Structures are given as C-alpha cells and as structure tokens.
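Here's the structure we're looking at; comments come further down.
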Amino acid sequence: MPSAVATAIDLTSLPAEVAALIARLQQQAKADAQELARRGGELTLAQAKIDKLNFELARLRRWQFDAKTEAMTAAQRLLFAEALAEDEASLRAKLAELQRGLPEAPNTPKAPPRKPRRQALPEHLERVVHRHEPEDTHCPNTDCGQPMLRIGEDVSEKLDIIPAKFFVHRHIYGKWACR
C-alpha cells in the first residue's frame with residue numbers, strides 16, 4: 001500500500017527534503033521486503049530440518065523404547081504347539097521314508113588308538129634319566145593316609161646335544177593312586 005500512496009503523490013510538488021525522505025523510506029521498505037523474503041526462506045528450511053530431526057528422533061525412540069517382544073495368549077500358544085507337533089510329525093515321517101531308501105551302513109570296528117607320528121629315538125644313544133616323583137607317596141586325604149600304589153608312568157624323551165656327543169634326556173613321571 002505505501003507504494004500505491006507514494007505513486008499517487010506527486011514528488012515534484014513536495015519540498016526536496018520530504019521527497020528525499022519518501023524515496024529513502026521506499027528504498028528501506030524494499031530492502032525490508034527482501035530481508036523478510038530471505039528470512040522466510042531460511043525459516044522454511046529450518047522448519048524442514050526440525051521436522052526431519054523430530055521424525056528421526058521419534059523413530060529412534062520407537063526402536064529403543066517400543067515393546068521388545070509380543071506376548072501370546074494361551075489360545076495362540078495352543079495353536080503354535082499344535083502346528084509344531086504337526087510339523088514335527090511330518091518331518092519324522094519324511095526322515096523315516098528317506099532312511100528306508102538308504103543302504104544299511106556296515107558296522108565298522110572302532111579305530112585303533114593313534115600312534116605317535118614321530119619315530120622313537122635310536123636305542124644306541126646314551127640316555128640320561130630324570131625321575132620326577134612326589135616327595136611323599138602317602139595318600140594326601142587326611143582320612144586315609146595310606147601309602148599309594150604306582151599305577152604307571154608317563155615317559156617323554158627329548159634329543160639333546162653336547163658338541164660332538166648325543167644323548168637323550170628321559171623324564172619319567174610316576175602315576176600314583178590310593179587304593
């Protein structure tokens with residue numbers, strides 16, 4: 001409206017100071033209108049960002065705070081149990097049918113225990129024997145206290161060398177048990 005009023009007024013008939021003031025006010029009004037348009041665009045953009053962040057926040061809250069599991073009613077559990085039983089029965093029938101078509105597997109004896117992959121060290125090498133025995137061969141149980149019986153031993157051999165002399169360290173670990 002101010003521009004319509006300003007065009008209706010003849011600026012040439014007014015004093016120079018008033019005409020300059022009117023021209024300056026018109027320029028200020030145009031600048032204000034441009035600034036309002038720019039700020040309106042910024043506000044629209046800011047509101048779009050706020051809406052986007054609110055949507056994202058709501059989605060994250062749903063992920064974090066929504067119900068983690070669905071509770072089933074007794075009727076739903078009964079339906080599930082029935083369906084499970086039916087599926088299990090059909091799978092067992094299919095398995096039995098497939099097994100009937102297979103040839104019978106021969107009964108193979110159990111494999112013998114594995115032998116060590118390394119060969120024994122040669123017998124002609126000198127052997128240095130180290131015996132590792134407990135200090136006390138009585139039963140550690142305070143109620144028993146009887147002497148223990150030797151039930152076996154573990155033997156490990158390791159090749160060692162003194163320059164120009166080969167020998168074997170033999171470590172023997174006694175196995176003891178209470179009667």
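Residue count for segment 146-179 under the criterion of being at negative phi and in a loop (DSSP other than H, G, I, E, B): the result is 5. If the condition is being assigned to a strand (DSSP E or B) and within 50 Å of the chain's Cα centre (by Cα), then segment 128-145 contributes His130, Arg131, His132. Test Glu123 against the stated conditions and say whether it is surrounded by fewer than 10 Cβ atoms within 10 Å (Cβ to Cβ), at pLDDT below 85 and assigned to a loop (DSSP other than H, G, I, E, B). No. Test of understanding: among Glu97, Glu88, which residue is modelled with pLDDT of 85 or more, surrounded by 10 or more Cβ atoms within 10 Å (Cβ to Cβ) and not in a loop (DSSP other than H, G, I, E, B)? Unique residue meeting the criteria: Glu88.
Taking Thr69 as the residue in question, decide whether it is at pLDDT below 85, within 30 Å of Ala177 (Cα to Cα) and in a loop (DSSP other than H, G, I, E, B).
For Thr69, the condition - at pLDDT below 85, within 30 Å of Ala177 (Cα to Cα) and in a loop (DSSP other than H, G, I, E, B) - is not met.
For segment 146-157, state whether one or more residues are basic (Lys, Arg), surrounded by 10 or more Cβ atoms within 10 Å (Cβ to Cβ) and free of Cβ contacts under 8 Å to residues at least 40 places away in the same chain. Checking segment 146-157: at least one residue is basic (Lys, Arg), surrounded by 10 or more Cβ atoms within 10 Å (Cβ to Cβ) and free of Cβ contacts under 8 Å to residues at least 40 places away in the same chain.
The values are calculated or read from the model by the stated rules, or taken from the named source; none is laboratory data. What you see is a predicted model; the values in this text were computed from it and never measured. Glycine also receives a Cβ, built like all others from the backbone with ideal geometry; neighbour counts cover every protein chain displayed.
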